[in-house]
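Asker: Could you have a look at this structure, given as structure tokens, before my questions?
Laboratory data are not the source of any read-out in this text; all were calculated from the coordinates shown. Keep in mind that this is a model prediction, so the values were computed, not measured. Here Cβ is always computed from backbone atoms with ideal geometry, including for glycine, and neighbour counts include all displayed protein chains.
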Amino acid sequence: MAGGGSGLRVAGIIAATIVLVAMTAVTTWASLERGVLDNAHLLRDRWFLATLADTYFAFGTVAVWMVYRSSGLLRRIAWVIGVLLLGNFAIAAFLLLVLRSWDPRTGAAGFLLRPKGAASEMR
């Protein structure tokens, strides 16, 4: 991955930053119409429930990777809670942290797998 890796890092940082900015904008926009807790009527909409289930299954999939790649029980718990409460905000923040320490010469394995020397046990 000679040469192209740093471009991938920059692209990842840009993508995660776009997610953070876009989610902040759309969340602010929606909140100006009504509060997040003022949506009980949506629980009767089957498409809303299907979309919510799809979203949380995706969050769960990403959270499994976050737990695997992180070290320390408290950090792992914090990331899972973050994903469940903040969704893509937490995922984008996690990606930015991983990208910060990722050596592009290690390729996809270095990005996806637990860093060498990181504790694998649940502490």
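Asker: Can you find, among 23, 13, 50, the residue farthest towards the positive end of the dipole of the stretch 1-60? Put +1 on the C-beta of Lys and Arg, -1 on that of Asp and Glu.
Answerer: Positive-most Cα among the choices belongs to 13.
Asker: Choose one answer from 103, 54, 38: the residue with the largest mean-square fluctuation in a GNM of the chain with alpha-carbon springs under 10 Å.
Answerer: 38
Asker: Please give the charge dipole size of the chain, origin at the Cα centre, charges +1 on K and R Cβ atoms and -1 on D and E Cβ atoms. Round to the nearest 20 debye.
Answerer: On the way: 12 positive and 6 negative charges, 98 e Å.
That gives a dipole near 480 debye.
Asker: I would also like to ask the following. Which label marks the calculated value of mean projected area of the Cα convex hull in nm², given the options [x] 9.0; [y] 10.3; [z] 7.2?
Answerer: Label [x] holds the value from this structure.
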